Amino acid sequence: MKPYERKVLLERVERDGATVGVEIPDRIEVRGEPVDLREFVFEIKRRETIPPGERERVERAKRNLRRERLRRIELIETGDVDREEGEELADAVVGIDRALNALENLGPTDLEREERARRTADTKRWMSFLKKALGREEGTRGVR
């Protein structure tokens with residue numbers, strides 16, 4: 001593959017919105033094992049909530065998919081692949097990205113945790129404002 005062809009493929013897989021309109025691959029080989037990726041993603045997404053035991057399975061799948069994505073990108077970057085193989089690798093990377101996006105956006109969020117985090121951030125901003133307003137920032141103790 002020529003350097004400019006390699007560059008075009010790498011830009012394609014890194015482009016924002018590259019996964020728009022792309023389907024999750026039916027089957028993909030991850031770490032030497034075939035995975036029915038589309039079936040796995042749809043099986044997980046069908047559930048309203050993910051049980052704790054399944055959550056670990058999903059996290060492990062996401063880690064493996066990220067590793068496989070990087071491996072395929074490295075093959076495009078440094079591997080001795082022809083244009084056709086490079087296209088197949090790029091298509092697979094975009095399909096993996098689509099699956100990862102679907103798995104990242106699973107189930108209901110922990111609203112209570114998000115609310116606590118929001119309140120904590122608000123409190124920190126308020127305390128910072130008060131310290132500045134009262135002249136109690138570090139280095140300005142009591143000096144006006």
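Nothing in this text is a laboratory measurement; each read-out follows from the coordinates by a stated rule. Keep in mind the model is a prediction, meaning the values are calculated, not measured. FYI the Cβ positions are ideal-geometry reconstructions off the backbone, even for glycines, and counts take in every protein chain you see.
Yes or no, residue by residue, for (1) out of contact with any strand residue (DSSP E or B) (no Cβ under 8 Å at 6 or more places or on another chain); (2) assigned to a helix (DSSP H, G or I); (3) charged (D, E, K, R):
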{"site": "Val8", "(1), (2), (3)": "yes, yes, no"}
{"site": "Thr19", "(1), (2), (3)": "yes, no, no"}
{"site": "Glu23", "(1), (2), (3)": "yes, no, yes"}
{"site": "Pro34", "(1), (2), (3)": "no, no, no"}
{"site": "Glu59", "(1), (2), (3)": "yes, yes, yes"}
{"site": "Leu75", "(1), (2), (3)": "yes, yes, no"}
{"site": "Glu84", "(1), (2), (3)": "yes, yes, yes"}
{"site": "Val94", "(1), (2), (3)": "yes, yes, no"}
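Condition check ((1) over 24 Å from Tyr4 (Cβ atoms); (2) hydrophobic (A, V, I, L, M, F, W, C); (3) under 20 Å from the mean Cα position of the chain (by Cα)) across all residues:
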site	(1), (2), (3)
Ile28	yes, yes, yes
Arg60	yes, no, yes
Asn64	yes, no, yes
Arg69	no, no, yes
Asp82	no, no, no
Restricting attention to the stretch 38-56, which residues are surrounded by 12 or more Cβ atoms within 10 Å (Cβ to Cβ) and either closer than 22 Å to Val94 by Cα or touching a helix residue (DSSP H, G or I) at 6+ places or on another chain (Cβ under 6 Å) (or both)? Arg38, Glu39, Phe40, Val41, Phe42, Ile44, Lys45
Which condition does Pro51 not pass, out of (1) touching a residue at least 24 places away in the same chain (Cβ under 8 Å); (2) farther than 28 Å from Pro3 by Cβ, if it passes all the others? (1)
Cβ pairs under 7 Å, 6+ apart or interchain, first in the stretch 114-133 and part of a helix (DSSP H, G or I), second not small (Gly, Ala, Ser), ordered by first then second residue, are Lys131/Glu137
